[in-house]
Amino acid sequence: MIHRRTLHSLEFTKVIERLAALCLSTNGKKRARGILPLPDAEAVDRARALYEESGTWMAAPETERNFRFSAFTDVEGLLDAAQGSRFSPDTEAFWALRDMLGKAKSAHESITLASDVRDWPNLYELVKSRPLPVQLTAALFRCISDDALIKDESSPELYRLRGEIRALHRNCMNKVKDFAVQYNFAAYLQDEFMTLSQDRYVLPLKATYKARMQGIIHDWSQTGETCYFEPIFLVELNNRLQELKHEEHDEEQKVLDYLRRLLLAELDAASGALDLLTELDILQAKHALSERFDGRMIPLSPADEGIYLKRARHPLLALFSADDQMGRRNQPIPKVHPLDIILRPGERCLVVTGGNAGGKTVCLKTLGLITAMALSGLPVPVDGGSHLPWCDRMDAFIGDEQSLDASVSTFTAQIDHLAKAWKHLNERSIVLLDEFGAGTDPAQGAALAQAVLEEMLVRKTFVLAATHFPALKTWSLTNADARAASMLFDPTTKRPLFRLAYDQVGASQALATAREHGLPEEILQRAEKYLLQAGHDTEGLLDRLNALAARREKELQSLDAEREKLRADTQRQRDTLKKTREKLLEEVREKAQELMRAWKEGRATAKQSLKEMSCLRASLVPEKKAQGGQTLLAPCDKPVVGQRVLHAAFRKHGVITDIDERRGRVRLDMGGVSLWAQMSDVMIAAGPPNKPLSGATVVNTAREGASLRLDVRGQRTENALHELSRFLDKAVLAGFENIEVVHGRGTGALRREIHSFLRTCPSVASFALASEDHGGDGMTEVRLR
């Protein structure tokens with residue numbers, strides 16, 4: 001439990017008010033103002049998980065999410081009144097309920113029907129545990145219009161009555177027109193329209209002509225120049241109109257009574273829908289609050305892992321800074337200085353020292369307020385990696401608690417508060433002590449403060465204490481379970497730097513602070529003399545330690561800035577590479593689609609299309625990396641026999657065995673595969689040699705025009721056809737026109753199967769047995785398309 005007195009001293013309610021202001025609905029604002037620390041660690045973990053899941057859901061575009069956050073009508077009073085005996089809502093009340101249920105239905109469907117709903121178990125449970133009032137929602141949308149009127153379609157009888165009323169109106173209009181034409185009384189009228197007076201159709205008649213027609217005067221204009229006159233021929237129609245209006249009213253009451261019964265039957269579901277929208281409103285307010293100070297929800301860690309708050313900012317100061325940047329504050333605010341508040345595993349006490357107005361109290365309040373917010377399921381202004389232990393009690397001794405009315409001094413108020421809280425302190429407690437014991441004799445106050453800290457360590461209570469007592473400074477440096485820290489100040493100007501340096505203590509800087517605030521110099525010189533006489537002048541040593549720490553912090557800041565710059569540069573390069581890759585893939589996709597269209601439309605043959613694809617693939621090779629991470633180098637402009645290269649089309653390594661400079665080609669040996677390749681298709685690359693093709697052996701032929709030869713002699717038919725199919729694909733992609741298949745003479749069975757296969761292959765233009773001097777019927781020459 002965190003006592004309200006502690007929350008008040010930490011100004012927790014101001015944060016809650018900022019959260020409430022970010023809510024869009026009255027219900028959300030009301031519930032946000034009631035937020036308090038949650039009862040257990042499981043509730044905090046659930047709140048954090050729900051926050052993270054809702055962030056993923058809210059990050060989706062509205063067009064995909066199909067839900068837009070907006071204010072909804074407050075119907076809490078209507079739902080509370082529904083339980084009364086005299087509950088009789090009107091059309092406006094049902095319109096407000098319709099508006100709320102419509103938004104709840106949209107939110108319900110947006111979450112439950114999402115494709116990645118499995119990633120949102122807590123958000124899904126929040127929605128499914130609050131089922132919608134299906135019948136009531138459907139009835140409201142069927143019966144209540146957008147302008148808060150009862151629709152004609154609400155019931156068959158109402159539809160009939162309103163249709164008859166509209167027909168009666170048209171009948172009246174026609175009667176008036178016919179009468180005006182027949183008796184030429186259009187000049188008697190003030191305006192050329194018919195109106196209603198006391199729910200009866202009347203004519204705006206000029207007062208000077210009222211005696212020229214028979215009828216009833218219902219009303220007069222303010223000037224007296226116009227009387228609203230009901231002619232005798234409209235009396236019967238108006239009487240019928242009154243009957244229909246009365247029947248319409250009765251039917252509308254039946255519709256309202258029907259909706260009231262539905263509401264009573266599904267009252268719990270309607271309340272659940274309101275609760276769902278309120279919870280979602282608070283969630284969006286939490287995310288809006290997080291965006292204000294660049295915050296996040298932090299996880300709870302085991303107590304033995306200590307406290308780690310990275311770049312923690314005081315939440316209120318961070319919010320004020322955000323307001324200032326957005327131009328919402330007229331008064332300047334101090335710069336927000338982030339602090340690393342760290343208690344390492346095994347440490348339970350952090351003693352913060354340093355000069356007056358150096359930020360010690362702000363440090364205590366930062367930890368206290370962030371802890372209160374985190375335990376309340378709120379985002380906090382810290383960097384990633386931060387964590388806090390679960391605590392079921394936190395007490396803050398901050399500020400002047402004296403009371404003249406109760407005859408209580410600052411010291412006695414602190415002691416009274418501590419005495420009441422003492423029996424509740426344990427390993428799941430956090431205590432914040434700001435200048436504890438400073439309101440009495442310094443020696444006794446220091447002894448009392450040290451005893452309190454030691455006893456808290458016995459109880460394994462987390463404690464953060466700010467002090468000026470030299471005894472506590474020494475104690476914090478020598479106690480293994482405690483840690484010392486100092487708020488740094490500028491060695492030259494003596495102004496605070498608002499940075500926390502660990503494992504050292506700092507001077508109080510009382511004289512420097514007094515000098516800065518204008519105390520006369522003669523007083524300060526006298527005080528310095530008294531310090532020298534008493535032998536208590538340790539300022540020089542502490543100043544030296546402060547200067548060293550300040551220099552170290554400056555170096556660390558520089559290193560952090562350099563690391564952040566490197567990280568940003570790396571991310572920028574990655575983003576650039578990603579954009580380039582996406583652009584390249586899009587260009588390749590468009591080119592491939594264009595080649596496919598050209599082939600389908602007959603503007604290019606299959607062979608031409610395949611050649612274009614091969615060239616396209618070859619053009620991409622210099623911009624990619626080979627397997628094993630070896631970067632492809634420049635094209636092989638000056639090939640050398642024995643040089644190791646990469647064939648761009650086949651994506652295979654090989655060794656140059658011969659060079660034909662006249663035709664601009666080289667012969668490659670690729671692990672048993674020998675072929676001629678254009679120099680433009682050959683790239684320089686290092687790497688292990690390629691494994692030879694299994695099964696078949698591919699050799700080069702010296703005959704002019706022959707490019708590849710596949711030898712499948714001695715293989716089973718299935719294996720031979722499989723190798724031939726692979727071989728044809730590679731040859732087509734490489735842009736070869738002719739290949740040779742060596743199958744041997746034998747019984748001729750393998751030759752017949754190969755010829756049958758070649759007849760069905762779309763990439764084969766023709767094939768024939770080789771001449772006798774090139775193998776005869778033991779080899780087939782194939783011409784590709």
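The values are calculated or read from the model by the stated rules, or taken from the named source; none is laboratory data. Worth saying up front: this structure is predicted, and the values here are computed from it rather than measured. Backbone-built Cβ (ideal geometry, glycine too); neighbour counts: all protein chains shown. Surface accessibility is based on the protein's heavy atoms, side chains included, excluding ligands, DNA and RNA. Shrake-Rupley method; radii C 1.70, N 1.55, O 1.52, S 1.80 Å.
If only residues of segment 80-116 that are of a type in the set (G, A, S) and not in a helix (DSSP H, G or I) are counted, the one that is least open to solvent (accessible area, probe 1.4 Å) is A82. Would you say L256 is under 47 Å from the mean Cα position of the chain (by Cα) and of a type outside the set (D, E)? The answer is yes for L256. Evaluate segment 68-77: report whether one residue or more is open to solvent by less than 30 Å² (accessible area, probe 1.4 Å) and part of a helix (DSSP H, G or I). Within segment 68-77 (the criterion being open to solvent by less than 30 Å² (accessible area, probe 1.4 Å) and part of a helix (DSSP H, G or I)), the answer is no, since none of the residues qualifies.
Scan segment 705-737 for residues that are open to solvent by 30 Å² or more (accessible area, probe 1.4 Å) and in a helix (DSSP H, G or I) and the total you get is 10. Name the residue, out of L264, L256, that is within 30 Å of D99 (Cβ to Cβ) and open to solvent by 70 Å² or more (accessible area, probe 1.4 Å). None of the other options fit; the residue is L264. Consider E247 carefully, then state whether it is under 27 Å from L78 (Cα atoms), surrounded by 15 or more Cβ atoms within 10 Å (Cβ to Cβ), of a type in the set (D, E) and touching a residue at least 40 places away in the same chain (Cβ under 8 Å). It is false that E247 is under 27 Å from L78 (Cα atoms), surrounded by 15 or more Cβ atoms within 10 Å (Cβ to Cβ), of a type in the set (D, E) and touching a residue at least 40 places away in the same chain (Cβ under 8 Å).
A residue that is more than 29 Å from D392 (Cβ to Cβ) and not aromatic (F, W, Y) can be found somewhere in segment 447-455. Among the conditions (1) outside any helix (DSSP H, G or I); (2) among the small types (G, A, S); (3) within 18 Å of S70 (Cβ to Cβ), the only one that G34 does not satisfy is (3). Within segment 41-57, the set of residues being under 15 Å from A114 (Cβ atoms) and of a type in the set (F, W, Y) comprises just one member, W57. Could you check, for segment 746-758, whether at least one of its residues is of a type in the set (S, T, N, Q) and closer than 29 Å to H647 by Cα? Scanning segment 746-758, I find no residue that is of a type in the set (S, T, N, Q) and closer than 29 Å to H647 by Cα, so the answer is no.
So which residues in segment 1-13 are open to solvent by 70 Å² or more (accessible area, probe 1.4 Å) and touching a Pro at 6+ places or on another chain (Cβ under 9 Å)? Of everything in segment 1-13, just one residue is open to solvent by 70 Å² or more (accessible area, probe 1.4 Å) and touching a Pro at 6+ places or on another chain (Cβ under 9 Å), namely M1.
Matching residues to (1) hydroxyl-bearing (S, T, Y); (2) over 30 Å from E247 (Cα atoms); (3) surrounded by 13 or more Cβ atoms within 10 Å (Cβ to Cβ); (4) at pLDDT 95 or above:
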| residue | (1), (2), (3), (4) |
| --- | --- |
| K128 | no, yes, no, no |
| S145 | yes, no, yes, no |
| I150 | no, no, yes, no |
| S155 | yes, no, yes, no |
| I165 | no, no, yes, no |
| L168 | no, no, yes, no |
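For segment 455-482, the set of residues classified as farther than 25 Å from L369 by Cα, open to solvent by 70 Å² or more (accessible area, probe 1.4 Å) and touching a helix residue (DSSP H, G or I) at 6+ places or on another chain (Cβ under 8 Å) consists of P470 only. Just one of the listed residues (E225, E243, E236, E251) is over 30 Å from G28 (Cα atoms) and in contact with a strand residue (DSSP E or B) (Cβ under 8 Å, 6 or more places away or on another chain), namely E225. The residue list E781, E740 contains one member that is of a type in the set (D, E, K, R), assigned to a strand (DSSP E or B), open to solvent by less than 10 Å² (accessible area, probe 1.4 Å) and touching a residue at least 24 places away in the same chain (Cβ under 8 Å), which is E740. Taking each residue of segment 321-345 that is under 16 Å from R18 (Cα atoms) and looking for partners that are modelled with pLDDT of 60 or more and aliphatic (A, V, I, L, M) with beta-carbon atoms closer than 8 Å, six or more apart or interchain, yields S321/I333; S321/V336; D324/I333.
Within segment 626-658, if we keep just the residues that are open to solvent by 60 Å² or more (accessible area, probe 1.4 Å) and on the phi > 0 side of the Ramachandran plot, the residue that is modelled with the highest pLDDT turns out to be R651. The residue that is most open to solvent (accessible area, probe 1.4 Å), among those in segment 18-29 that are part of a helix (DSSP H, G or I) and touching a residue at least 40 places away in the same chain (Cβ under 8 Å), is T26. Please specify each residue of segment 758-773 satisfying the condition of being assigned to a helix (DSSP H, G or I) and either charged (D, E, K, R) or open to solvent by 50 Å² or more (accessible area, probe 1.4 Å) (or both). R759, T760, E772, D773 - these are the residues of segment 758-773 that are assigned to a helix (DSSP H, G or I) and either charged (D, E, K, R) or open to solvent by 50 Å² or more (accessible area, probe 1.4 Å) (or both).
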